[in-house]
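The values are calculated or read from the model by the stated rules, or taken from the named source; none is laboratory data. Since we're looking at a predicted model, the values are computed, not measured. Reconstructed Cβ throughout: ideal geometry from the backbone, glycine too, with neighbour counts over all protein chains shown. Just the protein is used for accessible areas: all its heavy atoms, side chains included, with ligands, DNA and RNA removed. Shrake-Rupley method; radii C 1.70, N 1.55, O 1.52, S 1.80 Å.
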Amino acid sequence: MNPKLLLCLALVLSGGLFGCSIIKQSPSQTHSVEIPQNISKTIELEVPKLKCINATNGTSPFATAWNGGEQYKQAAFYQWKNPRYHPAVEFPREPATPLPYADMEVVIVLYPSADDAQRQVHKSLFLRQAAFQPEQRYKGGTLYRYCDATGGAQNVIYQSHRFIVEIDCYSQNVEPLTMNVLDAVLTELEP
């Protein structure tokens with residue numbers, strides 16, 4: 001066979017003739033995505049009626065409906081102008097100052113892929129005893145609103161790409177703040 005033809009064939013097959021080589025990225029080379037650690041502070045700034053009681057984060061979600069995530073962030077909030085307090089005897093090892101009840105909880109979970117997040121949302125919706133409203137598109141993601149079996153305040157689940165955000169209202173007084181809190185979270189999650 002002609003040596004020039006062999007050389008051309010080798011260049012074409014290797015992709016070097018037109019710079020067409022394909023480099024497959026390993027997961028470690030992809031853009032790293034993380035849940036920002038300052039989300040609870042952002043919520044306090046954007047929704048000044050709420051104050052954070054506690055916040056936790058980690059690399060594998062705690063016992064929750066959101067299994068299989070890579071990272072999570074959980075924060076509980078109370079209305080600082082109208083707090084409700086636990087009875088002092090309820091937590092005997094805590095300091096003498098009364099502990100406020102949480103009025104709202106925000107959970108953010110990051111999944112390995114958007115498909116994993118979507119599967120987890122559908123699984124969670126199926127397992128909950130709740131009355132769901134039809135899903136809505138909201139700021140590039142999917143929003144689910146529901147009331148739990150007790151018929152209390154309305155809660156939301158939001159899924160966009162690899163993120164799931166769940167906002168649970170434990171008091172109907174904070175229900176009007178739910179979308180403001182979600183908007184504050186979404187500003188932090190934007191790439």
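Need the full-extension length gain, residue 42 to residue 132, defined as separation in residues times 0.36 nm minus the C-alpha distance. One decimal, nm.
29.6 nm
Let me make sure I get this right: for segment 128-186, a, b and c are the square roots of the gyration tensor eigenvalues over alpha carbons, sorted descending. Under 1.5 in a/c it's rounded, otherwise prolate if a/b > b/c, else oblate. Which is it?
Working: a/c = 2.16, a/b = 1.35, b/c = 1.60.
It comes out oblate by the Cα gyration axes.
How many Å³ per residue does the convex hull of the Cα positions in segment 115-154 occupy?
68 Å³
How high is the relative contact order of segment 93-191? Use alpha-carbon pairs under 8 Å, at least six apart in sequence, and give a whole percent.
Answer for segment 93-191 is 29 percent.
At 1.4 Å probe size, with no ligands or nucleic acids counted, give the accessible surface of residue 119 in Å², nearest ten.
Answer for residue 119: close to 140 Å² accessible.
Tell me the label-point distance for the pair residue 113, residue 81, using the 7 Å Cα-to-Cβ offset, in nm and rounded to one decimal.
Placing both labels 7 Å along Cα→Cβ, they lie 4.7 nm apart.
If I stretch the segment between residue 187 and residue 57 completely, what's the gain in nm (0.36 nm per residue apart, minus their alpha carbon distance), one decimal?
Computed gain between residue 187 and residue 57 is 44.9 nm.
What whole-number distance in Å separates the alpha-carbon centres of segment 151-191 and segment 100-128?
About 11 Å separates the Cα centre of segment 151-191 from the one of segment 100-128.
Ranked highest first by average number of other Cβ atoms within 10 Å, how do 157-166, 74-83, 137-146 line up?
Per-residue mean Cβ counts within 10 Å order the peptides as 157-166, 74-83, 137-146.
Work out, step by step, the length gained on full extension between residue 123 and residue 180: first 0.36 nm times the residue separation, then minus their alpha carbon distance; give nm to one decimal.
The span from residue 123 to residue 180 would gain 17.9 nm if fully extended.
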